[in-house]
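Take a look at the structure set out below.
The values are calculated or read from the model by the stated rules, or taken from the named source; none is laboratory data. Everything numeric in this text was worked out from a predicted model, so none of it was measured. So basically every Cβ, Gly included, is an ideal-geometry build from the backbone, and we count neighbours across all protein chains shown.
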Ligand code: GDP
């Protein structure tokens, strides 16, 4: 349904036109392998994961009378699942932590604000009470956008005037969440400061302040990446990962891109759980990441 539709651009790059080569086919030849390699690389699967998928295919289908009875397309799907399965670890809200604190990080434009709004809606729909901390105090627009989501979803958004100390916003929000017994606190952060060092230092400061409130907080540090950035998303993940302990990824805008294969590259390279994928603008378009669903949507 929606997932398949959302991923159609990546799917068509990967498998369209291969149908005639694939259908009913149980054998690999060099021509087919080369074609597949090119398409995987074009979908931003990256060298390592591409090699892994192709090796797996050869092992499954090729060589001396192997043959599991699978078609090439089914085998491709299985190999994609194999790469993605290790990072399928959906976010579990630990109800002993109150509030359960999710710190969201990522560069401007990645889809952080939208993802926070969608998550707030999702959690509220699950019957949890949510509060949001408008920790990007540099962009008035980001605060406005969060407040609009707050009104739509019916959850409080704690904000301070532009230029305030983000760590103090997050501190206040945590106090308020605790006082009100909120289940989940989602904190936004800036996506750009004068320098990269400033940004990373600010994120570390927010973490320290949270840690003083609750030694385990944040319970999740969610890095939001624009899937349309393909391999650049990897570089961003490595930068943020070096500064803060990223515990989960949300990969957005997979609907607008033919580079959805970047999920395999991220899985292979970083081994950080992929919590959510974004395949559209609506609340329900933020999906819990499931390896099998993703592979199916790419190859079905
Ligand atoms: P931020 O700067 O990181 O806070 O980014 P925003 O949340 O403002 O998102 C930037 C743009 O991307 C907005 O127009 C969002 O509607 C859009 N966006 C976010 N996630 C998705 C997604 O999964 N699919 C699509 N098509 N658009 C998205």
Quick check on segment 230-243. Is at least one of its residues in a strand (DSSP E or B) and within 15 Å of the ligand (Cβ to nearest atom)? no
From the list 252, 288, which one is surrounded by fewer than 19 Cβ atoms within 10 Å (Cβ to Cβ) and modelled with pLDDT of 95 or more? 288
Expected output for segment 106-121 (first residue farther than 20 Å from residue 243 by Cα, partner within 8 Å of the ligand (Cβ to nearest atom) and part of a helix (DSSP H, G or I), Cβ below 6 Å, 6+ apart or cross-chain) is 113/142; 113/145
Just a yes or no: is a residue in segment 163-176 closer than 21 Å to residue 285 by Cβ and modelled with pLDDT of 95 or more? no
How many of the residues in segment 126-143 are at pLDDT 95 or above and surrounded by fewer than 21 Cβ atoms within 10 Å (Cβ to Cβ)? 4
Reported set for segment 169-181 where residues are surrounded by fewer than 24 Cβ atoms within 10 Å (Cβ to Cβ) and touching a residue at least 12 places away in the same chain (Cβ under 8 Å) is 171, 172, 175, 176, 178, 180, 181
Selected residue (criterion: nearest to residue 177 (Cα to Cα)) from residues of segment 72-125 that are surrounded by fewer than 16 Cβ atoms within 10 Å (Cβ to Cβ) and within 16 Å of the chain's Cα centre (by Cα): 92
Within segment 223-238, can you find the residues that are surrounded by 18 or more Cβ atoms within 10 Å (Cβ to Cβ), under 14 Å from residue 258 (Cβ atoms) and out of contact with any strand residue (DSSP E or B) (no Cβ under 7 Å at 6 or more places or on another chain)? 228, 229, 230
Filter result for residue 193 (modelled with pLDDT of 95 or more and under 18 Å from residue 223 (Cα atoms)): no
Give me a count of the residues in segment 264-291 that are more than 9 Å from the ligand (Cβ to nearest atom), touching a strand residue (DSSP E or B) at 6+ places or on another chain (Cβ under 9 Å) and assigned to a helix (DSSP H, G or I). 4
Residue list for segment 100-133, restricted to those being more than 11 Å from the ligand (Cβ to nearest atom) and not in a helix (DSSP H, G or I): 100, 101, 102, 103, 126, 127, 128, 129, 130, 131, 132, 133
Looking only at segment 250-262, filter to residues that are within 12 Å of the chain's Cα centre (by Cα) and within 13 Å of the ligand (Cβ to nearest atom); which one of those is farthest from residue 205 (Cα to Cα)? 260
Can you tell me which condition residue 246 does not meet? The list is (1) part of a loop (DSSP other than H, G, I, E, B); (2) within 14 Å of the chain's Cα centre (by Cα); (3) under 24 Å from residue 78 (Cβ atoms); (4) within 16 Å of the ligand (Cβ to nearest atom), and all the others hold. (3)
Hey, residue 138 hits all of (1) in a loop (DSSP other than H, G, I, E, B); (2) in contact with a strand residue (DSSP E or B) (Cβ under 9 Å, 6 or more places away or on another chain); (3) within 14 Å of the ligand (Cβ to nearest atom) but one; which does it fall short on? (2)
